[in-house]
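Bear in mind that the values in this text are calculations on the coordinates, not laboratory data. Computed from a predicted model, the values in this text were never measured in an experiment. Reconstructed Cβ throughout: ideal geometry from the backbone, glycine too, with neighbour counts over all protein chains shown.
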Amino acid sequence: MSATGISTSAAPAVRTGRPWQRDLIGVAVILLASIGGYVLFPDNLALLTRIIAIMFLVLSLDLVTGYCGVATLGHAALFGAGAYAAGIAAVTFGITEPLSMIAIGAIAGAAAGLVSGVVILRGHGLAQLVLSIAVIHLFHEAANKASAYTGGSDGLSGIAPDPLLGLFAFDLWGRTAYIFGIVLLIAAFVLLRILVRSPFGMLCRGIRQDPVRVSAMGASVKASLIRMYVISGVVAGIGGALNAVSTQVVGLDSLSFTNSAEALVMLVLGGAGSLFGALAGTVVFMWFEHVVSAANPFHWLTIVGALLIAVVLFAPKGLYGTAADLARRFARSNP
Amino acid sequence: MSAVFAVERLKKSFGGLDVTRDVSLSMARGDRLALIGPNGAGKTTFVNLVTGHLQASSGRVLMDGEDISRFSPMRRVRAGLVRSFQVTRLFPEMTPGEHVALAILQREGKSGRMAGNFHAMPQVMREMNGILDTLSLGALASVPVGAIAYGQQRLLEIALAMALRPKVLLLDEPAAGVPHSDTFLIENALAQLPDDLAVLMIEHDMDLVFRFAKRVVVLAAGAVIFDGSPRDVTKDARVREAYLGSYAHAGSAA
């Protein structure tokens, strides 16, 4: 995307030479934040679990948009596919074991990733964006029409997951769901850190910066992107399934254009091309939305809009990207 | 002499305009060939036809006797036909080390690996450092490419070509955009290319052409008008005509 001249920008990890240290710090920050959330907001665990589920969606979007440079406004298709697959597995087929539901969500997400990847990657630039919008509308309409399985516009309810590992029942306060979500998130975070540092991750960053150069090296741009789309589908599908397990309903809004667009906004807000950015953007956006909509139910969207404009104008690399730049500059001037 | 690379009667027309007319040439291992010609002669079109970025109207491209005319650009690279670009095409946010490592990993079929990191692969690191040191880029190995000088980016283009270990290398104006005083850096880099590699270079800098090439091919209006030694090219009447038009004769009379 950006091909600006001199940028010592936020190309993550690789350069530091001590990547494991940063992984550990990342895991520690997630753990601390989740304990903090648990202690400070015991009545809001449902919201926090929803934030975790959306984090999977935004991480997944970061893989294709932030790392590979694919423009998409249809990424909720992958999330919704995971949510509906886990929900339908529970309601229609009686698969109510939570880990199996998550696995089914991941597989459905991967399949949705493959389908939307194949369609969206036919186009470039604006055409790509339009294709992605078409994809999310088709998924939405398919879920709406298949009401025998999905419940249509009423949503899919009656999802009753078994106790986790046969031990921990999903309680009314959402404690089990919250802790389950945190564990899944940390596992996904560590695996994705390994992925973005790997040769394949480096190849994908290359594709974002200059696909022609990548193909001149003899690598297939298309095959790599589709592969990343499938991986991204697994991540989003897990998020969708987690949402189905924790809320016990799946609505059409999980497959909506709005959900896709908001995920993109969260990614830009936090900083695309960095896993930390994706996580930070989701927390800030959803928490801000929660607080502001409670404080001013009439004008909260205006305030969210103003925040976005401020970030895009004054911190174009997103909150995390800009903070990382400032930290680096500070470290350089005080060695 | 067996040809590692050959082009047979290559033709390309856009509508009624013939931009490449019956171009044939062949190269043996270790050849150092310069392709020159006035602006608009069709040199870059020729490179694009050979690398598969443009589809030829007719004619064949052969590597080691194998017809690769129907191959995609990617498969041609894998067959050993590598090009560099007239305007550098690099990844501005990545370091020279990452560029070269990626090329090495790609060559070895490891670029799809989803775990590990090249810093932990001693063989890749050794080869990467070797290539960067050969081209005096060692000190810049971990500086983002967007922050290094253009001349050094040109050297990195050559480093990438080395890391891919091609059989045939097409260099599209390797010295373009480099100040004349620094051309020697490019020249030194080209001197480091393996001896058995066949190199075809497009270049406008005649000093570089005459020092580098053992053979010169002149392209004018899409056709080969000269194929021979650098010594003879300046004496050739058709070449003078192509470059200078009617002044060619005025010049020889003076």
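Relative to the Cα centre, what is the charge dipole magnitude of the protein assembly as shown, using +1 at the beta carbon of each Lys and Arg, -1 at the beta carbon of each Asp and Glu, and rounding to the nearest 20 debye?
960 debye
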Which of these, A:A315, A:A169, A:A143, has the largest mean-square fluctuation under a Gaussian network model of chain A (Cα springs below 10 Å)?
A:A169
In what sequence do A:Y149, B:Y243 fall when counting other Cβ within 10 Å, fewest first?
A:Y149, B:Y243
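Rounded to the nearest 20 debye, what is the charge dipole size of segment B:159-254 about its Cα centre when +1 sits on each Lys and Arg Cβ and -1 on each Asp and Glu Cβ? Don't jump to the answer; show the numbers that get you there.
Details: 9 positive and 13 negative charges, 56 e Å.
About 280 debye.
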Taking amide H atoms as placed 1.01 Å from N in the peptide plane, list the residues 5 or more away in sequence, or in a different chain, whose amide H sits under 5 Å from that of B:S13.
B:V19, B:S57
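So which DSSP H runs in chain A come out at 18 Å plus along the axis (Cα) with average Kyte-Doolittle of at least 1.0? Before the final figure, lay out the partial values.
Working: long enough: A:19-40 (31 Å, 1.25); A:45-61 (24 Å, 2.52); A:76-91 (22 Å, 1.70); A:98-120 (32 Å, 2.00); A:126-145 (29 Å, 1.05); A:175-197 (33 Å, 1.94); A:221-247 (38 Å, 1.23); A:257-270 (20 Å, 1.37); A:275-295 (30 Å, 1.52); A:300-314 (21 Å, 2.75); A:318-333 (22 Å, -0.19).
Flagged H segments are A:19-40, A:45-61, A:76-91, A:98-120, A:126-145, A:175-197, A:221-247, A:257-270, A:275-295, A:300-314.
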What is the Cα centroid distance between segment A:266-335 and segment A:32-89, reported in whole angstrom?
17 Å
Among A:H124, A:H140, which comes first, second and so on when ranked by fewest other beta-carbon atoms within 10 Å?
A:H124, A:H140
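Calculate for the protein assembly as shown the 222 nm mean residue ellipticity that helices alone would give, adding -39,500 (n - 2.57) per DSSP H run of length 4 or more and normalising by residue count, nearest 500 deg cm²/dmol.
Working: 24 runs with 324 residues, N = 589.
Helix-only estimate at 222 nm: -17500 deg cm²/dmol.
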Given charges at Cβ of Lys, Arg, Asp, Glu: the protein assembly as shown dipole, positive-most of B:V199, B:M121, B:N39:
B:V199
Distance between modelled label sites at B:A237 and B:E66, nm, 7 Å Cα→Cβ extension
4.5 nm
Identify the trypsin sites (Lys or Arg not before Pro) of segment B:178-221 meeting these criteria: DSSP loop state and at most 14 other C-beta atoms within 10 Å of the C-beta.
B:K214
Debye, to nearest 20: dipole size of chain A, +1 on Lys, Arg Cβ, -1 on Asp, Glu Cβ
1400 debye
Checking A:S34, A:S274, A:S254 against a Gaussian network model of chain A (alpha-carbon springs below 10 Å), the top fluctuating residue turns out to be A:S34
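Tally the DSSP beta bridges in chain B and give the antiparallel ones as a percent, rounded to 5. Walk me through the intermediate numbers first.
Values: 20 of 36 bridges.
Looking only at bridges with both residues in chain B, the antiparallel portion is about 55 percent.
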Can you give the angle from 0 to 90° between the axis of helix B:150-163 and the longest principal axis of chain B, with both taken from C-alpha atoms, to the nearest 10?
80 degrees
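Which of the residue pairs A:K222/B:K12; A:K222/B:K110; B:K11/B:K214 have a Cα-Cα distance greater than 20 Å in the structure shown? Please list the in-between numbers first.
Details: A:K222/B:K12 27 Å; A:K222/B:K110 17 Å; B:K11/B:K214 26 Å.
Over 20 Å apart, Cα to Cα: A:K222/B:K12; B:K11/B:K214.
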What does the charge count near A:A143 come to, summing +1 for each Lys or Arg and -1 for each Asp or Glu among other residues with Cβ under 12 Å from its Cβ?
-2
Taking 8 Å as the Cα distance limit and 6 or more residues as the minimum spacing, I'd like the relative contact order of chain A as a percentage.
31 percent
Among A:F285, A:F79, A:F93, which one shows the highest mean-square fluctuation when chain A is modelled as a Gaussian network with alpha-carbon springs under 10 Å?
A:F93
